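Since every read-out is calculated from the coordinates, none of them should be taken as a lab result. Just so we're clear, the structure is a prediction, and the values are computed from it rather than from any experiment. Neighbour counts run over all protein chains shown; Cβ positions are idealised from the backbone, glycine included.
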């Protein structure tokens with residue numbers, strides 16, 4: 001009789017993904033206010049008005065950038 005050996009794969013340290021490597025799959029969410037510093041006051045006001053997010057709303061950098069881009073392209077009448 002031949003016995004089948006079960007091989008358990010042990011992840012080596014070189015193949016174990018680091019938190020930084022997993023970051024693109026799970027974008028970090030932060031309160032949108034953390035992305036505001038460094039922007040001129042008018043852009044801060046524009047993105048707040050455009051996005052209409054409640055205070056403390058957590059968004060990704062990509063979501064914030066999309067709102068910022070949209071806020072600067074919107075025509076005010």
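Quick rundown of the values:
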{"item": "Extension gain (nm, one decimal) between residue 57 and residue 69, 0.36 nm per residue minus Cα-Cα", "result": "2.5 nm"}
{"item": "FRET efficiency for residue 49 and residue 28, using Cβ-Cβ distance with R0 set to 25 Å, rounded to 0.05", "result": "0.50"}
